[in-house]
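Below you'll find the structure, written out as structure tokens, and then a few comments.
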Amino acid sequence: MSAAEAAAENPISGEPLSAAELDAVFASFAGQNRVLLAVSGGPDSTALLLLAARWRSLEPGRPELSVATVDHGLRPESRREAEAVGQLAVRLCLPHAVLELPAPLPRTGLQEAARHARYERLAAHAREVGAGAIATGHTADDQAETVLFRLMRGSGLSGLAGIPDVRALDELRLIRPLLALRKERLIALCREAGVEFVHDPSNRDPRFARARLRQLLPLLEEEGLDAARLARLAARLARADAALETATDEAAARLMDGAAPARIGRAGLLALPEEIGLRLLSRVVEGQAAGPVELAKLEALHSWIAGLAAEASGARTLAGALVRVDTRWVKITRAPVRRGK
């Protein structure tokens with residue numbers, strides 16, 4: 001068990017994390033000159049700010065820290081909350097910026113649109129301040145919610161692997177150092193430090209699917225399906241997903257010749273284990289698609305290719321990509337734009 005996982009064993013403790021625990025939590029900051037902390041003022045990101053500042057103070061030469069708060073302008077009090085984060089950052093001797101979004105958000109898919117716009121704005125600010133990474137306050141509870149939410153939506157293995165602790169965001173790194181820690185632990189840490197935080201009312205708004213799911217988690221925990229077990233499940237699935245991605249890399253090197261348009265050897269594709277074949281097909285289709293590719297539709301495309309007679313050919317479109325099959329190749333290009341009459 002890692003030091004960070006050990007810290008999660010007693011989630012209601014307000015005791016500060018030890019130096020060893022902090023080192024484990026912030027190990028992903030290694031090699032960075034500056035990290036931008038995304039702090040909304042909620043308990044999770046406020047704890048991230050407190051813990052990161054303490055970790056940096058323990059040893060010279062650790063990465064510089066900057067702090068940013070995105071003001072979505074969705075609630076009257078959001079500006080005041082952002083300014084409160086700024087006051088805490090000043091107390092910790094860290095630079096802080098309030099970031100506003102450039103355009104109004106759509107009414108449909110509000111939370112997803114806000115998330116996308118938030119990351120775009122944070123990435124732009126990270127470049128401005130010279131940060132190579134952005135850190136957010138996602139917790140083990142967020143991981144559990146994500147796994148359940150994606151399970152409800154019929155996600156594949158990659159989706160059920162949950163939130164990665166580190167991923168690429170354009171040329172930057174997006175880091176979630178608190179994924180091994182429970183929210184209760186972070187709330188207790190903030191209270192022990194005497195630091196106030198805010199609760200976003202949208203987290204309890206039943207109009208949003210995640211908020212409704214959040215209300216079910218205590219019932220699932222009573223049956224033994226708690227955040228820790230869901231986090232372990234996500235970690236195991238992530239491990240399996242990484243192995244499958246490596247196998248897909250090897251299949252791509254063997255079955256694709258680098259020609260344009262992109263093409264996959266038909267017989268070789270169908271000889272692969274179905275999961276590897278689906279992943280390879282997904283990569284190439286998504287490279288030409290106009291939008292996300294649904295797993296069920298990708299599975300239907302693979303089944304159609306497999307069902308063609310060896311001497312048969314055909315064509316189908318999927319998410320803006322044109323898939324043409326001949327006797328030797330599966331060729332994928334961008335589908336022609338349909339013009340109105």
Please verify whether segment 142-156 includes one or more residues that are in contact with a helix residue (DSSP H, G or I) (Cβ under 7 Å, 6 or more places away or on another chain), part of a loop (DSSP other than H, G, I, E, B) and modelled with pLDDT of 95 or more. no
In segment 234-249, residue farthest from I305 (Cα to Cα) [restricted to those that are touching a residue at least 12 places away in the same chain (Cβ under 8 Å) and charged (D, E, K, R)]: D241
Which condition number does V198 fail, the rest of (1) of a type outside the set (G, A, S); (2) touching an Asp or Glu at 6+ places or on another chain (Cβ under 6 Å); (3) farther than 18 Å from V85 by Cβ being met? (3)
If you take the residues in segment 75-103 that are among the acidic types (D, E) and assigned to a helix (DSSP H, G or I), which one is nearest to G130 (Cα to Cα)? E83
Checking L295 against (1) within 22 Å of R334 (Cα to Cα); (2) in contact (Cβ under 8 Å) with a residue 40 or more places away in the chain; (3) crowded, with 18+ Cβ neighbours inside 10 Å, the condition it does not meet: (3)
Looking at segment 185-228, which of its residues are modelled with pLDDT of 90 or more, in a helix (DSSP H, G or I) and buried (at least 19 other Cβ atoms within 10 Å of the Cβ)? R185, L186, I187, A188, L189, C190
Please specify each residue of segment 29-61 satisfying the condition of being of a type in the set (G, A, S), in a helix (DSSP H, G or I) and buried (at least 18 other Cβ atoms within 10 Å of the Cβ). S45, A47, A52, A53
Checking G320 against (1) at pLDDT below 95; (2) exposed (fewer than 12 other Cβ atoms within 10 Å of the Cβ); (3) not hydrophobic (A, V, I, L, M, F, W, C), which single condition isn't satisfied? (2)
Of everything in segment 275-288 that's under 21 Å from the mean Cα position of the chain (by Cα) and within 17 Å of R324 (Cα to Cα), which residue is surrounded by the fewest Cβ atoms within 10 Å (Cβ to Cβ)? G287
Residue hits (segment 157-184; in contact with a helix residue (DSSP H, G or I) (Cβ under 7 Å, 6 or more places away or on another chain), free of Cβ contacts under 8 Å to residues at least 60 places away in the same chain and surrounded by 15 or more Cβ atoms within 10 Å (Cβ to Cβ)) are G159, L169, L172, L179
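Would a scan of segment 250-264 turn up a residue that is of a type in the set (A, V, I, L, M), in contact (Cβ under 8 Å) with a residue 60 or more places away in the chain and surrounded by 13 or more Cβ atoms within 10 Å (Cβ to Cβ)? Spell out how you get there, then give the answer.
As a first pass, look at segment 250-264 and keep what is of a type in the set (A, V, I, L, M): 251-253, 255-256, 259-260, 262, 264.
When the remaining residues are screened for being in contact (Cβ under 8 Å) with a residue 60 or more places away in the chain, the result is 262, 264.
From what is left, the residues that are surrounded by 13 or more Cβ atoms within 10 Å (Cβ to Cβ) are 262, 264.
Among the residues of segment 250-264, at least one is of a type in the set (A, V, I, L, M), in contact (Cβ under 8 Å) with a residue 60 or more places away in the chain and surrounded by 13 or more Cβ atoms within 10 Å (Cβ to Cβ), which makes the answer yes.
The values are calculated or read from the model by the stated rules, or taken from the named source; none is laboratory data. What you see is a predicted model; the values in this text were computed from it and never measured. When we count neighbours, we look across all protein chains shown, and the Cβ atoms used for this are built from the backbone with ideal geometry, even at glycine.
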